[in-house]
Amino acid sequence: MNTQIPTFSIFSAISEVFVTISVLYSIVTVLRGKPFPRYLMGATLLFELCINVVYMAGRASAADTSGNLSNAMKAFYAGHGILSLLMFLGLMIVYLLALADDMKGRESWFRRHRNGTFVFLFFWMVSVVSGEAIFLMNLLGAPGTA
């Protein structure tokens, strides 16, 4: 077990669970025909930008220069980082589209594009699960992650 996990890593791993709950709640609320929780989603995006994206950028630079990571783990980290950044940017875009719909009194982007919404949620969950897996591998000291 790795006892050298930085506090910020622990905070980020835990907060990402709450971010995901907020994202899922916001989107499912809209899919059920209820009003778009724009302030909750906006606050979630702001938190994600200020905390988790900044955290990932710092960790990415450390992972790239680490001699302790196997090439496979570096590739896994990179794949996770790229997907996570794309999912954050995607969330910003669909949030702005849903916000514009909400302000104009139109049916929400999420309801109009259900298939796209479910594809987005699938990749969001892949991003979150891969990030939590990286955290747990580091915590447990999995081979190639030291």
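Give the residues of the range 66-110 that are basic (Lys, Arg) and closer than 17 Å to residue 31 by Cα, sorted by residue number.
106
Taking interchain pairs and intrachain pairs at least six residues apart, which have beta carbon atoms under 8 angstrom, with the first residue in the range 39-55 and of a type in the set (D, E, K, R) and the second part of a helix (DSSP H, G or I) and surrounded by 15 or more Cβ atoms within 10 Å (Cβ to Cβ)?
Listed by first residue and then by second, the contacts come to 48/19; 48/88; 48/91.
Is it the case, given these coordinates, that residue 10 is loosely packed, with under 12 Cβ neighbours inside 10 Å and at pLDDT 75 or above?
Spelling it out, it is not the case that residue 10 is loosely packed, with under 12 Cβ neighbours inside 10 Å and at pLDDT 75 or above.
Scanning the range 64-86 for residues that are surrounded by fewer than 19 Cβ atoms within 10 Å (Cβ to Cβ) and of a type in the set (S, T, N, Q), which turns out modelled with the highest pLDDT?
71
Tally up the residues in the range 2-22 that are touching a Gly at 6+ places or on another chain (Cβ under 7 Å) and more than 21 Å from residue 120 (Cα to Cα), please.
Number satisfying all stated conditions: 1.
Could you give every pair whose Cβ atoms fall below 9 Å, whose first residue belongs to the range 15-34 and is within 17 Å of residue 90 (Cβ to Cβ), and whose second residue is in a helix (DSSP H, G or I) and among the acidic types (Asp, Glu), counting only separations of at least 6 or pairs across chains?
16/48; 16/132; 19/48; 23/48; 30/102
Let me confirm something: among 97, 89, which residue is loosely packed, with under 12 Cβ neighbours inside 10 Å and under 21 Å from residue 49 (Cα atoms)?
Unique residue meeting the criteria: 89.
Do you know which residues across the range 65-102 are assigned to a helix (DSSP H, G or I), in contact (Cβ under 8 Å) with a residue 40 or more places away in the chain and of a type in the set (S, T, N, Q)?
Matches in the range 65-102: 84 only.
The values are calculated or read from the model by the stated rules, or taken from the named source; none is laboratory data. Note that the structure is predicted; figures quoted are calculated from it, not measured. Positions of Cβ are backbone-derived with ideal geometry, glycine not excepted, and every protein chain shown enters the neighbour counts.
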